[in-house]
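Trainee: Here's a structure for you.
None of the figures in this text is laboratory data; all of them are computed from the coordinates on show. What you are looking at is a predicted structure, and each value in this text was computed from that prediction instead of being measured. Glycine also receives a Cβ, built like all others from the backbone with ideal geometry; neighbour counts cover every protein chain displayed.
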């Protein structure tokens, strides 16, 4: 049923995340509720314009309407790929509202700007903060913070899989491989299901966001400095807070 509904929706990308264990950890009603919110948001031009405008101001990044941008996209340079990564982290660091479209077709070069489709979600503040703490704990090498975030998110049984996803041995030369990402998420769902842990439905939203990021960066064949992108995003977030407390 879930495969049929997703296949008929604009969120067919979720299908690649729906393993046999997905509905054991993210129940169907929660998943359908999430899809309903995303659909409702995407159909409201007023909500979208407010979100686009707010995030453009909050992040100080040009965000254009895909429906009004007639400039074709071109392959990103490696530095522009790094900029996409910085933007991914900056949005999470600075906003509880997430635009989910990081596909290659949603960016333009010269100058670099974001032209996403109107798919976004106002995440719960507590969930967004937990994800911030998860990244801060890992990239800040704060073992206690990382462990606590895993427990809050009910992801402790999948700790090893998440560490491998982040790049436990190196985060400065990461190659984005979509198949490996999909296998990692399936493994996370399996491990949490075996431990009888339930995941917040917004974990699927993070999955969509990451999925579009991987779809964007994989074709380049380049390696990316993910740790560097996170640290630069943290620096930018601090500058923005100082400018607008």
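Trainee: Specify whether the C-alpha gyration tensor of region 154-214 places it in the rounded, prolate or oblate class, a ≥ b ≥ c being the square roots of the eigenvalues: rounded for a/c under 1.5, otherwise prolate if a/b is larger than b/c and oblate if not.
Mentor: Working: a/c = 2.13, a/b = 1.41, b/c = 1.51.
Oblate is the answer for region 154-214, as a/c is 1.5 or above yet b/c matches or exceeds a/b.
Trainee: Using r as the Cβ-Cβ distance of residue 231 and residue 43, and R0 as 51 Å, what FRET efficiency do you calculate, to the nearest 0.05?
Mentor: 0.85
Trainee: Here's something else I'd like to know. Which value in deg cm²/dmol, rounded to the nearest 500, describes the helix-derived mean residue ellipticity at 222 nm for the chain, given -39,500 (n - 2.57) per DSSP H run of n ≥ 4 and division by the residue count?
Mentor: The per-residue figure over the chain is -18000 deg cm²/dmol.
Trainee: Can I ask one more? Pull out the extension gain between residue 109 and residue 238, defined as 0.36 nm times the separation in residues minus the alpha carbon to alpha carbon distance; nm, one decimal.
Mentor: In short, 43.8 nm is gained.
Trainee: Efficiency by 1/(1 + (r/R0)^6): what FRET value for residue 164 and residue 124, r their Cβ-Cβ distance, R0 = 30 Å, to the nearest 0.05?
Mentor: Step by step, r from the Cβ atoms, then E = 0.65.
Trainee: If you count, for each residue, the other Cβ atoms within 10 Å and average over each peptide, how do 208-217, 228-237 line up from highest to lowest?
Mentor: Descending mean neighbour count gives 208-217, 228-237.
Trainee: Order 220-226, 92-98, 139-145 from most to least packed using the mean count of other Cβ atoms within 10 Å.
Mentor: 92-98, 220-226, 139-145
Trainee: Sorted by mean Cβ packing within 10 Å, highest first, what order do the peptides 80-86, 29-35 take?
Mentor: On the way: 80-86: 20.3, 29-35: 15.9.
Output ranking for 80-86, 29-35: 80-86, 29-35.
Trainee: On to the next question. Quick check: pseudo-label points 7 Å beyond the Cα along Cα→Cβ at residue 96 and residue 223, how many nm apart are they?
Mentor: About 3.9 nm separates the two model spin labels.
Trainee: Can you pull the one-decimal nm distance between simple spin-label points at residue 182 and residue 77, each 7 Å off the Cα toward Cβ?
Mentor: 3.3
Trainee: Give the shape of region 45-166 as rounded, prolate or oblate, defined through the alpha-carbon gyration tensor: a ≥ b ≥ c are the square roots of its eigenvalues, a/c under 1.5 means rounded, and otherwise the shape is prolate if a/b is larger than b/c and oblate if not.
Mentor: Here region 45-166 falls in the prolate category.
Trainee: According to the square roots a ≥ b ≥ c of the eigenvalues of the Cα gyration tensor, what is the shape class of region 2-243, taking rounded for a/c under 1.5, prolate for a/b larger than b/c otherwise, and oblate for the remainder?
Mentor: rounded
Trainee: While we're here: Using R₀ = 22 Å, calculate the FRET efficiency as 1/(1 + (r/R₀)^6) where r is the Cβ-Cβ separation of residue 141 and residue 173; round to 0.05.
Mentor: Using R0 = 22 Å, I get an efficiency of 0.75.
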